[in-house]
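Structure, as structure tokens:
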Amino acid sequence: MTRETTLSQAVLGTQSTTRKALLVLAGSAFIAVAAQISVPMLPVPMTLQTLAILMVGFTFGSRLGAATLVAYLLEGAMGLPVFANGMNGLAFAGPTAGFLLGFVAMAWAAGWAAERGIAKGVIGTALSAVAISALLYIPGLAWPMAVAGAFGFDAGWVGADFTSYYWAYFVAPFLVGDAVKAVIAALLVAGGWKALSRG
């Protein structure tokens with residue numbers, strides 16, 4: 001499969017190292033801001049963090065998207081309040097650390113789908129976004145269910161029952177929001193391509 005041009009390449013053309021570095025900084029800032037925005041929704045409020053990550057991946061491509069998320073995680077590890085609810089690197093010791101690490105793969109997968117022409121148009125991009133969002137639950141759940149315990153973490157969220165705890169608190173409340181964000185990401189990215197074709 002040949003690589004398709006990403007939206008950022010189509011808009012900006014050939015990207016120098018300096019331009020790529022600026023995109024990484026801008027993308028990580030965009031995700032940090034989105035992580036602080038909470039939209040009222042049932043059963044839990046929805047942050048726009050994963051929406052921003054999907055958009056960065058679909059727009060930047062696999063390598064630049066993943067690099068942006070690595071930069072984002074490093075910013076948090078340095079103490080900057082870039083994670084949801086103004087959290088910083090302390091979140092790496094909490095129950096959602098697996099999701100944070102999974103964000104790198106999420107951006108890479110969105111970029112890969114865009115580069116391969118799988119995420120094309122609203123439908124293809126939305127289906128890709130839904131699948132990628134679902135895959136994020138693998139590292140997200142692996143951390144509290146098994147990995148954290150193996151690293152010596154001892155907390156109430158380590159090694160709990162799947163159905164009564166992890167499904168109820170880590171998965172079920174976020175499924176609707178993830179689907180909504182996948183569709184919004186698809187509409188925005190497809191809209192960007194449409195606007196570009198008109199220009």
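The values are calculated or read from the model by the stated rules, or taken from the named source; none is laboratory data. Source: prediction; values computed, not measured. Here the Cβ is made from the backbone with ideal geometry for all residues, glycine too, and neighbour counts use every protein chain on show.
A few remarks follow.
- Test: Ala134 is surrounded by fewer than 16 Cβ atoms within 10 Å (Cβ to Cβ), closer than 17 Å to Thr50 by Cα and either at pLDDT 95 or above or in contact with a Ser or Thr (Cβ under 6 Å, 6 or more places away or on another chain) (or both): yes
- Residues of region 46-62 classified as in a loop (DSSP other than H, G, I, E, B) and small (Gly, Ala, Ser), total: 1
- Criterion violated by Leu25 - all others in (1) under 19 Å from the mean Cα position of the chain (by Cα); (2) under 22 Å from Phe174 (Cβ atoms) satisfied: (2)
- Hey, Leu69 within 24 Å of Ala186 (Cα to Cα), surrounded by fewer than 18 Cβ atoms within 10 Å (Cβ to Cβ) and either at pLDDT 95 or above or in contact with a strand residue (DSSP E or B) (Cβ under 6 Å, 6 or more places away or on another chain) (or both) or not: no
- Taking region 91-139 as the range and being assigned to a helix (DSSP H, G or I) and either of a type in the set (Val, Ile, Thr) or in contact with a strand residue (DSSP E or B) (Cβ under 7 Å, 6 or more places away or on another chain) (or both) as the test, the residues that pass are Val104, Val122, Ile123, Thr125, Val130, Ile132, Ile138.
- Ser38, sole failed condition from (1) farther than 22 Å from Ala105 by Cβ; (2) in contact (Cβ under 8 Å) with a residue 60 or more places away in the chain; (3) touching a strand residue (DSSP E or B) at 6+ places or on another chain (Cβ under 9 Å): (2)
- Boolean, Gly65 is outside any helix (DSSP H, G or I) and of a type outside the set (A, V, I, L, M, F, W, C): no
- Each residue in region 157-170 was checked for being surrounded by 15 or more Cβ atoms within 10 Å (Cβ to Cβ), assigned to a helix (DSSP H, G or I) and touching a helix residue (DSSP H, G or I) at 6+ places or on another chain (Cβ under 9 Å), and 3 of them qualify.
- Residue in region 142-154 that is at positive phi, touching a residue at least 24 places away in the same chain (Cβ under 8 Å) and either surrounded by fewer than 16 Cβ atoms within 10 Å (Cβ to Cβ) or part of a helix (DSSP H, G or I) (or both) present: no
- Each residue in region 5-45 was checked for being assigned to a helix (DSSP H, G or I), closer than 21 Å to Leu100 by Cα and modelled with pLDDT under 95, and 0 pass.
- Flag if Trp193 is part of a loop (DSSP other than H, G, I, E, B) and more than 20 Å from the chain's Cα centre (by Cα): no
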